[in-house]
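Since the structure comes first, as structure tokens, the remarks are kept for the end.
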């Protein structure tokens, strides 16, 4: 191992998420370059950098399988929003206020925000592809931050007007719901070729599909999916099953045409049927649940539990940092407690005598489960010799963490981003001693605030009520009730 960089994490309480290794009350982890080489109660490596992890928990990096990273400048604007508000204000107003430099900064700081909270892998459902310059900025932001993941190029038809323009309903709504644009075909191909020629690096290329819920019929969906597959994306991220104007069922449609596969990552999915979930289990396709936005915005009861019951692996996503903090701790807690309450409510048998759901499983979904969904579980998602060194150390000496002794309890119910001492991504220390490395945070924050102020200034030039009036008819169409029995899943 001469000439290689060695790091020895010593004396940590290890939660490996590897069934063969299990948990070690006190143990060492040896990292050589970008790989975990050994995990044991004690390791000798005199030529390694020694990290004293006494009183800390070592665990795999969290995996966020759905986030719109570009919205970083808009933290706090969506805290009281409905999904209707989100469509009107975020997708039709705030998005057009971003210049290419804003897009870069949103993705750069958004990825730093994720790393700071212990997220080492992310799926960026990136629907801010307004110009080639925006696209280049979005890719560069993620790469500069050093996070692992998939940048899913968004095929969403962004509005064409600018702040201050006189608007028509066609500009605001009709253009957004049209077929796949030639611009996206050309630009997505360019982004794939220019930035992801081999598509096997730390950051990979994917596609975020159009909003199929506003498609005029199944034909544009099939045409888009056929074209998407020509780019060989690592993942195709698809918003689905969140109760808005869905005139046809996408999962059975794709199955009928032989288009399901494990490169598909469906997001939300509360209104997917058991038949839909069975098709995904049998023919390929994963689910990302984003509990906090789904509960806030009325998308339906999160689908995670039904994914587990279907025999598949679920995952968790943050979705939008514009309405809550971008950490996985909150999502794990919220999802777990919501499931527990729902179980008690349905059981209707008085006060419970036992809890049905273990906290450890939610931690698994937020780490190894997310890696499996992203097709990366062979090299990340657990602290396993041979895998990439994507891991974190969480301190247990803060006021909120003291005197917790169970590391699972600490990670799922007590920790927050401020408790994370260190984060390694691909063997590189991206956070140490509680601070992000390799940057001047004061300068970065100053740029972020300037960007935010410019976006808000442009936003004020757009007639909000007019936008709302144009969008409101779309919310008056009732979603058809279609439920197929699970028994027909093999049909």
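The values are calculated or read from the model by the stated rules, or taken from the named source; none is laboratory data. Keep in mind the model is a prediction, meaning the values are calculated, not measured. Note that we place each Cβ from the backbone using ideal geometry, even for glycine, and neighbour counts take in every protein chain shown.
The set of residues in region 130-171 that are free of Cβ contacts under 8 Å to residues at least 60 places away in the same chain and part of a loop (DSSP other than H, G, I, E, B) comprises 130, 131, 157, 160, 165, 166, 168. Here residue 194 fulfils each of the conditions (1) touching a strand residue (DSSP E or B) at 6+ places or on another chain (Cβ under 9 Å); (2) within 19 Å of residue 124 (Cβ to Cβ) apart from (1). When you scan region 259-267, do you find a residue that is modelled with pLDDT under 95 and within 21 Å of residue 367 (Cβ to Cβ), even just one? Scanning region 259-267 turns up no residue that is modelled with pLDDT under 95 and within 21 Å of residue 367 (Cβ to Cβ). Answer with yes or no whether residue 288 is modelled with pLDDT of 95 or more, assigned by TED's automatic domain parsing to the domain that holds residue 128, on the phi < 0 side of the Ramachandran plot and under 18 Å from the mean Cα position of the chain (by Cα). Yes.
When the residues of region 234-251 are narrowed to those that are surrounded by 24 or more Cβ atoms within 10 Å (Cβ to Cβ) and assigned to a loop (DSSP other than H, G, I, E, B), which ends up modelled with the highest pLDDT? Here the answer is 235.
Within region 300-313, at least one residue is more than 26 Å from residue 84 (Cα to Cα) and in contact (Cβ under 8 Å) with a residue 60 or more places away in the chain.
Is region 339-349 home to any residue that is under 19 Å from the mean Cα position of the chain (by Cα) and either at positive phi or surrounded by fewer than 22 Cβ atoms within 10 Å (Cβ to Cβ) (or both)? Step through it out loud before you land on a result.
Going residue by residue through region 339-349, those that are under 19 Å from the mean Cα position of the chain (by Cα) are none.
No, region 339-349 has no match at all.
Would you say residue 19 is closer than 25 Å to residue 374 by Cβ and not in a helix (DSSP H, G or I)? In short, yes. Cβ-Cβ contacts under 8 Å between residues 6 or more apart (or on different chains), taken from a first residue in region 40-57 that is in contact (Cβ under 8 Å) with a residue 24 or more places away in the chain and on the phi > 0 side of the Ramachandran plot to a second residue that is outside any strand (DSSP E or B) and surrounded by 14 or more Cβ atoms within 10 Å (Cβ to Cβ), are listed as 55/396. Considering region 385-443, and only residues there that are out of contact with any strand residue (DSSP E or B) (no Cβ under 8 Å at 6 or more places or on another chain) and in a strand (DSSP E or B), the residue that is surrounded by the most Cβ atoms within 10 Å (Cβ to Cβ) turns out to be 428.
When 426, 469, 416 are checked against the criterion of being under 27 Å from residue 6 (Cα atoms) and not assigned by TED's automatic domain parsing to the domain that holds residue 103, a single residue qualifies: 426. With respect to (1) in contact (Cβ under 8 Å) with a residue 40 or more places away in the chain; (2) not in a loop (DSSP other than H, G, I, E, B), the lone exception for residue 85 is condition (1).
So, residue 326, is that one surrounded by 24 or more Cβ atoms within 10 Å (Cβ to Cβ) and more than 22 Å from residue 277 (Cβ to Cβ) or not? When the stated conditions are applied, residue 326 passes them.
If you scan region 211-231, which residues turn out to be assigned to a loop (DSSP other than H, G, I, E, B) and in contact with a helix residue (DSSP H, G or I) (Cβ under 8 Å, 6 or more places away or on another chain)? Even if it seems obvious, please write down each step before you answer.
Narrowing region 211-231 to residues assigned to a loop (DSSP other than H, G, I, E, B): 211, 215-217, 230-231.
Hits for region 211-231 are 215, 231.
Would you be able to say whether some residue in region 159-172 is under 25 Å from residue 232 (Cα atoms) and touching a helix residue (DSSP H, G or I) at 6+ places or on another chain (Cβ under 6 Å)? Checked against the condition, which is being under 25 Å from residue 232 (Cα atoms) and touching a helix residue (DSSP H, G or I) at 6+ places or on another chain (Cβ under 6 Å), region 159-172 yields no hits at all.
Kindly indicate whether any position in region 16-32 is surrounded by 17 or more Cβ atoms within 10 Å (Cβ to Cβ) and over 29 Å from residue 398 (Cβ atoms). Yes, because at least one residue in region 16-32 is surrounded by 17 or more Cβ atoms within 10 Å (Cβ to Cβ) and over 29 Å from residue 398 (Cβ atoms).
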